[in-house]
Amino acid sequence: MPVKHTNYRQPPTPGGLEKIEKGELELYSPELYANMNTGILEEYLEEKNRKDCFKMCPWNWGAILFGIAVGTVFAIITEYVGLKVGVAMSGGSYIVYLLGLILKWRPTLNNNASGANYSATSIGTGFIFTFPALYLLTYDPNYAIGFEGGEPVFLIKSIPPLSIVLVSTMITGILGTLYFIIFRRLWLVDDPLPTPGFEASIKLLEIANDIYRGAAEQASRSIKIIGGSTLVTAIFTFFRDYPIFPNYTSIMDHYFGGEYYEYGTIMQPASTATWTYIDYGLIPIQFAIGWFMKFRTAFLVSTGTLLTWFVIVPLAYGFNVPVYDMQSGMFIGLRDWSVPAMYGYLKIAKIIAIGALLGGGVTALLKMYSVFKPAIEDVIKSLRGGQGADYVKGLGWYEWPVKHIPIMMGVAFVAISVVFIAAGFPPLQVILFAALLAGSTFFLGAIAVKVMGETGSEPVSGTSFIVLLLLVAIFLGTGTSAETTAVMAILGTTVFGCAISMSGAIIGDYKVGIYIGNRPYHLMRSTLLGIIPGAIASVLGAAAFSYGMATGQVNLLAPQANSFALFLQTV
């Protein structure tokens, strides 16, 4: 079997290569763990799964509906956490996993149910990063554009019907999910992305497999190891984070807090942060991810951080790069800011990162043309009546029909156009808006998925800002009013964020699915089923949280939404 020279493939082990060539490599074996991300293993498992998964992957409506129900509840919980701290994290999949252990589900069924759960939760990601800006520009006095008779005047006079963003989110969420059919072939099989942290999920499902097979002793040993490490981590996290002292202070902050330690971070005093800023976060999950990734991949993932703090920020300080201050409307040299290193990061390095993300992503897509080509040819073949590689003769659909992608693109374009025009938005701008959403969901979604697979973190807010810029440029260029521009830009960016979140969120389930024998068709099916209930919960939750935040009834940070609102207010 020839070894391909690609961007992400790791060298296989001799023992693993021998077992693959003989067709003897088994799921959950040491050789499987040792040869992950080699590409050779993934191709071997892909062919193996195409035959075996039809027997190994039962469909159970009860399990899927339970996953959706848990995910729908966590959609609202995750929104609150995301608006509170700016990072969206969900724990619903662990509840699904534990029920699967109790009921002795197959690992493949457990992963399907987790996929449905994650889908229902992730569809609301766009509402965390962008949607609250709509309410900030409508109700928050801090974003008033003037005053009349002592009363604030706002850029946006009224909130449009929530049904507009709900319908659009459902449709583009389905489209973003279907796009992953192509992404799966590119970056999970042909040139497998490392996807940091997925190994832990496989280890958990190995325990589920032991329990399903009745190997209680082996499962008990794994549970003890994981349970012990979980307990130690939980105790440490309690001391680090739980506020039991006055002013919401944790134990570690109470005894160690000061210039050198705060909120779980050993840090350089802010008063000395001129040329750079150095801190070390005591974050157990990052130790675990680094352990799984090994040095080379972990170093590559950390390269952006190292470049920022040891190259970009020191150079910016050395040359005293001018930074724009919105309050004064003037450029101020970096050395004149209170904490130069932090402002160098926020005002310079992050902007460079967005450009690098876009430029590197586009370059990566061009380089991947040779891999995109057969996938696109498969789409064309399906439209002409062929069955393509997604159908296994005599067994059924191995993967969701790829021909649904262009069909859904057409449906999304028409449906979004009809919904927005019916709501009174200008037809020309709506048509351009719908076309941009359908196209950007694929191309920027591909970039987001690639970054997610490389770092374990999806740049939803970064790519959403790119879409916001594009929408504002289009609307202002076509003579659209400032209010309509702001409303459509926010709604469009929200819908886009939800759509690409679906492409990126399911990469973990699909990555795990290759190694445990999942049928991709079932993973896609369970994911699609979670979108509609998750979207409904997300819209209602986001509207309530956003209104409460904008009117001062709820204390939420929403850093990304505030940035978007400030940008639109300035424009």
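A few remarks follow.
- All conditions but one from (1) out of contact with any Gly (no Cβ under 8 Å at 6 or more places or on another chain); (2) under 18 Å from Ile174 (Cα atoms); (3) surrounded by fewer than 22 Cβ atoms within 10 Å (Cβ to Cβ) apply to Leu436; the one that does not is (1).
- Lone qualifier among Ile76, Ile123, Ile68, Ile95 - being surrounded by 16 or more Cβ atoms within 10 Å (Cβ to Cβ) and either in contact with a Leu (Cβ under 7 Å, 6 or more places away or on another chain) or outside the structural domain of Ala558 (by TED's automatic domain parsing) (or both): Ile68
- Test: residue in the range 52-63 that is over 26 Å from Asp191 (Cβ atoms), crowded, with 22+ Cβ neighbours inside 10 Å and not polar (S, T, N, Q): yes
- Filtered by the rule that a residue be more than 26 Å from the chain's Cα centre (by Cα) and either free of Cβ contacts under 8 Å to residues at least 24 places away in the same chain or closer than 12 Å to Phe496 by Cβ (or both), the range 400-429 gives Val414, Ser417, Val418, Ile421, Ala422, Gly424, Pro427.
- The listed residue being closer than 21 Å to Thr570 by Cβ and not in a helix (DSSP H, G or I), out of Tyr324, Tyr343: Tyr324
- Filter pass, Gly534 being under 16 Å from the mean Cα position of the chain (by Cα), crowded, with 24+ Cβ neighbours inside 10 Å and modelled with pLDDT of 95 or more: yes
- Any chance Ala113 is assigned to a helix (DSSP H, G or I), small (Gly, Ala, Ser) and either under 20 Å from Glu458 (Cβ atoms) or touching a helix residue (DSSP H, G or I) at 6+ places or on another chain (Cβ under 6 Å) (or both): yes
- Among the candidates Thr38, Thr78, residue that is among the hydroxyl-bearing types (Ser, Thr, Tyr), modelled with pLDDT under 95 and not in a helix (DSSP H, G or I): Thr38
- Matching helices (runs of 4 or more DSSP H) fully within the range 447-553 where at least 1 residues are of a type in the set (Lys, Arg) and more than 19 Å from Leu83 (Cβ to Cβ): 507-516, 520-550
- Ala448 being among the small types (Gly, Ala, Ser) and closer than 18 Å to Ser168 by Cβ: no
The values are calculated or read from the model by the stated rules, or taken from the named source; none is laboratory data. No experiment lies behind these values; they were computed from the predicted model shown. Neighbour counts run over all protein chains shown; Cβ positions are idealised from the backbone, glycine included.
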